[in-house]
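Engineer: Could you have a look at this structure, given as structure tokens, before my questions?
The values are calculated or read from the model by the stated rules, or taken from the named source; none is laboratory data. Bear in mind that the values here come from a model prediction, so they are computed numbers and not experimental data. Cβ sites come from the backbone with ideal geometry, for glycine too, and all protein chains shown count toward neighbours. Side chains are part of the model used for accessible areas, which takes the heavy atoms of the whole protein and leaves out ligands, DNA and RNA. Shrake-Rupley method; radii C 1.70, N 1.55, O 1.52, S 1.80 Å.
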Amino acid sequence: MSLTVERNPSESLARALLSQGVSRRDFMKFCTAMTAVLALPVRYTPRIAQALETAVRPPVIWLNFQDCAGNSESFLRANHPTVSELVLDILSIDYQEVIMAAAGHYAEENRLNTMREYKGKYIVVVEGAIPLADDGIYCVIGGHTAIDILKETAKDAAAVITAGTCSAYGGIPAAAPNPTGAVGVRDVLNNVPLINMPGCPMNVQNLTALIVHYMTFNSLPAVDHEGRPLFAYGSRIHDDCERRAHFDAGQFVEEWGDEAHRKGWCLYKMGCKGPQTAHNCSMVRWNDGMSWPVGAGHGCVGCSEPHFWDTMGGLYERLPHVQLPVGAEVTASQLGAGIVGLAAAGIATHAVASGIRAKLDPIDREVTKVEEKMP
Amino acid sequence: MATQPVLRGRSADITAAGVPAGRIYVWEIPVRLTHWVNALSIVMLSFTGYYIARPYLAISPQETYSHFFMGYIRFTHFLFGYIFLASLILRTYWAFVGNQWASWRALIPFVTPEGRGLFRQSVEFYFFARREPPVVLGHNALAGFTYAIIVTLYFIQVFTGFALLGLSDPGGFWHTMTGWVFSLVHMQWIRVIHHVVMWLLIAFALQHIYVAFLIDAEESNGLISSILTGYKFIVPERHKHTDLHAPAQAEHGPDNVTAQLTTATATQPSDPRSPSA
């Protein structure tokens, strides 16, 4: 009936791990990996291990709104630890539409039970944008709109975490012309601690590290001006990129499949948004550290930045186009070169006209005479 | 300032027209210095900046340890960014302590009736409705207003440039000083602004050089050499309608002289050559 019946959230992780047959060695490897993701010194590993062993697992309510379940998929592909460990042991996921067994009224009951029993202690993870247009009717679950569900659930939460760009900033549902009036969580919630974990999808390593941080230090990590944890979004992809040496050398891929592309040169001219994107993809990578987009030969698309769909110049240009009042779309360089061209044409016209004026109506000054009169 | 002689040497003579002939020290050293530092910086920043936006030179396919071309280009861009900023700071300071022709007041000619009159005369000159440019020693009113726009563009360009530089060092000085702007304007539009302003400044540079030649030819006052030497020449013929008659006034210092010149020009009934007269 309810998932919480099988899993007692008050059970400590140490006992849960033991019952799952996870070895002490694997557990310490996981703690070390989390220390690295959190950008903490290695001496914090024992502290994290201790905290995870003794801390009570935080109950989690995972809300899905205007999304593609991509962040749920990313979540299910967690490798450190494996999905079952993560779902069953580190977190106590009490409500997750994609994977929960309960359905209908029972599922909603789980959510309400957790909110009641762990008032002020549970964590809300939000996936997907929240539509506001037409009273929010473009996303309705169990007869309630997304905005109502979010406000009701987040009211007594210890913290709200946005998983993915859609819930952080509105993402693709909020891209122009945004017919449903989609917004991110930060646009509708203002009195709850909020952590943004943008990305399309967010990297589950970072979400796991965030939870570990919360359990270890009993606080949320330091964030930047976009509300993103600094450990994951504190530097640009470009500055830690494995192809960076080719950027500094001036060696660029000119077209897909050319010699430079085969050699792994910089993808800057192919529209890579690494210089525009704050994320730790180039260090943590994806799929158990196996690879990541730039490593696989495609430029970064800037998916974890606000308004990325409208401002990142599509996938293959570095800058967005400028919409002119006359209806045309031009690049910054076309616009600028046009301005210079107009200026040059105006100058040439004026110069010719001034030359004609000087011929027809010369200024007759007796400058020479004046100088001759000088003693 | 009043102790500085306006008219130097033998040039402090009074011509037959009753107007002092000779040269006047208009552009002080910081004005000329920042002018040329700005010019050099804009050229260097435009070339390096264009390369950073669009790296058009092919680099030989050797190992990366033997090449650092983009690195040097970016270094040069940042270096001249700092030099340009230093120049702007010096020029801004000098706009408050320098002589009257260096003053910030030249940027807003509209606030005085004289300025408005001179501005109208300048526009008329450029649109061929008036034969001679207005008689001024410093910037003409239209040029002053143009520089107000250009200085604004300078500051926009420096600000966006250092904001983008700050992205590579989150939490650093520039990021702390400028990072807030990204909450107001998306980083990508900051980039577009940085690119477009470069083109606007190039368009200005073309216009600036053309007008310098044009006014030099029309005024015959040594305008172009003045930004090297600091001196402009008084053309007595042009100033014969002004009140610059008495030698005593010439000794009062530049403030007095130019006050006389500008007032006289603004109140002057009309230029005999002007079609509007």
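Engineer: Taking A:ALA337, is it part of a helix (DSSP H, G or I), at pLDDT 95 or above, within 7 Å of another protein chain (Cβ to nearest Cβ) and out of contact with any Asp or Glu (no Cβ under 9 Å at 6 or more places or on another chain)? Explain how you work it out, then say what you get.
Structural biologist: Working: part of a helix (DSSP H, G or I): yes; at pLDDT 95 or above: no; within 7 Å of another protein chain (Cβ to nearest Cβ): yes; out of contact with any Asp or Glu (no Cβ under 9 Å at 6 or more places or on another chain): yes.
Answer is no for this residue.
Engineer: In the list A:ASN280, A:ASN203, which residue meets the criterion of being within 13 Å of chain B (Cβ to nearest Cβ), closer than 14 Å to A:LEU38 by Cα, polar (S, T, N, Q) and touching a residue at least 60 places away in the same chain (Cβ under 8 Å)?
Structural biologist: On inspection, the qualifying residue turns out to be A:ASN280.
Engineer: Check every one of the strands (runs of 3 or more DSSP E) wholly within the stretch A:83-196 and list those with 3 or more residues that are over 30 Å from A:THR311 (Cα atoms) and open to solvent by less than 10 Å² (accessible area, probe 1.4 Å). Write out each step before concluding.
Structural biologist: Numbers: elements: A:92-96, A:123-127, A:159-163.
The strands (runs of 3 or more DSSP E) meeting that bar are A:92-96.
Engineer: Can you tell me which of B:LEU57, B:LEU107, B:LEU85, B:LEU153 is out of contact with any His (no Cβ under 7 Å at 6 or more places or on another chain) and free of Cβ contacts under 8 Å to residues at least 40 places away in the same chain?
Structural biologist: Numbers: B:LEU107 fails: free of Cβ contacts under 8 Å to residues at least 40 places away in the same chain; B:LEU85 fails: free of Cβ contacts under 8 Å to residues at least 40 places away in the same chain; B:LEU153 fails: free of Cβ contacts under 8 Å to residues at least 40 places away in the same chain.
Unique residue meeting the criteria: B:LEU57.
Engineer: Can you pull out every residue in the stretch A:256-267 that is outside any loop (DSSP other than H, G, I, E, B) and either open to solvent by 40 Å² or more (accessible area, probe 1.4 Å) or facing chain B (nearest Cβ under 8 Å) (or both)? Full working, then the answer.
Structural biologist: Going residue by residue through the stretch A:256-267, those that are outside any loop (DSSP other than H, G, I, E, B) are A:259-263, A:266.
The answer is A:GLU259, A:ALA260, A:HIS261, A:ARG262, A:LYS263.
Engineer: Tell me which residues, restricted to the stretch B:203-239, are more than 20 Å from B:TRP27 (Cα to Cα), open to solvent by 50 Å² or more (accessible area, probe 1.4 Å) and either at pLDDT 90 or above or away from chain A (no Cβ under 11 Å) (or both).
Structural biologist: The answer is B:LEU206, B:GLN207.
Engineer: Still on this structure, I have one more. Taking A:VAL253, is it more than 9 Å from chain B (Cβ to nearest Cβ), in contact (Cβ under 8 Å) with a residue 24 or more places away in the chain, touching a helix residue (DSSP H, G or I) at 6+ places or on another chain (Cβ under 6 Å) and open to solvent by less than 20 Å² (accessible area, probe 1.4 Å)?
Structural biologist: Working: more than 9 Å from chain B (Cβ to nearest Cβ): yes; in contact (Cβ under 8 Å) with a residue 24 or more places away in the chain: no; touching a helix residue (DSSP H, G or I) at 6+ places or on another chain (Cβ under 6 Å): yes; open to solvent by less than 20 Å² (accessible area, probe 1.4 Å): yes.
Judged against the criteria, A:VAL253 is not a match.
Engineer: Okay, moving on. Return the residue satisfying two criteria in turn: it lies in the stretch A:317-329 and is under 22 Å from B:LEU153 (Cα atoms) and within 10 Å of another protein chain (Cβ to nearest Cβ), and of such residues it is most open to solvent (accessible area, probe 1.4 Å).
Structural biologist: Residue satisfying both the conditions and the ranking: A:HIS321.
Engineer: For the stretch B:99-116, how many residues meet the condition of being open to solvent by less than 60 Å² (accessible area, probe 1.4 Å) and in a helix (DSSP H, G or I)?
Structural biologist: 4
Engineer: Moving to a separate point now. Out of the residues in the stretch B:58-79 meeting the condition of being open to solvent by less than 80 Å² (accessible area, probe 1.4 Å) and more than 7 Å from chain A (Cβ to nearest Cβ), tell me which one is farthest from A:ALA260 (Cα to Cα).
Structural biologist: To start, the set of residues in the stretch B:58-79 that are open to solvent by less than 80 Å² (accessible area, probe 1.4 Å) comprises B:59-60, B:64, B:66-67, B:69-71, B:73-74, B:76-79.
Subset that is more than 7 Å from chain A (Cβ to nearest Cβ): B:60, B:66, B:73-74, B:76-79.
Working: B:SER60: 11, B:SER66: 16, B:ILE73: 21, B:ARG74: 22, B:THR76: 26, B:HIS77: 26, B:PHE78: 28, B:LEU79: 30 Å.
Result: B:LEU79.
Engineer: Are there any pairs with C-beta distances below 9 angstrom linking a residue in the stretch A:347-360 that is more than 9 Å from every other protein chain (Cβ to nearest Cβ) and basic (Lys, Arg) to a residue that is loosely packed, with under 12 Cβ neighbours inside 10 Å and outside any helix (DSSP H, G or I), with the two at least 6 apart or on different chains, and if so which?
Structural biologist: Every condition considered, no pair remains.
Engineer: Also, quick follow-up: For A:GLY314, are the conditions met, namely being in a loop (DSSP other than H, G, I, E, B), surrounded by 14 or more Cβ atoms within 10 Å (Cβ to Cβ), at positive phi and not aliphatic (A, V, I, L, M)? Full working, then the answer.
Structural biologist: On the way: in a loop (DSSP other than H, G, I, E, B): yes; surrounded by 14 or more Cβ atoms within 10 Å (Cβ to Cβ): no; at positive phi: yes; not aliphatic (A, V, I, L, M): yes.
No: the conditions fail for A:GLY314.
Engineer: How many residues, within the stretch B:156-193, are outside any helix (DSSP H, G or I), within 9 Å of another protein chain (Cβ to nearest Cβ) and open to solvent by less than 70 Å² (accessible area, probe 1.4 Å)?
Structural biologist: Of the residues in the stretch B:156-193, 6 are outside any helix (DSSP H, G or I), within 9 Å of another protein chain (Cβ to nearest Cβ) and open to solvent by less than 70 Å² (accessible area, probe 1.4 Å).
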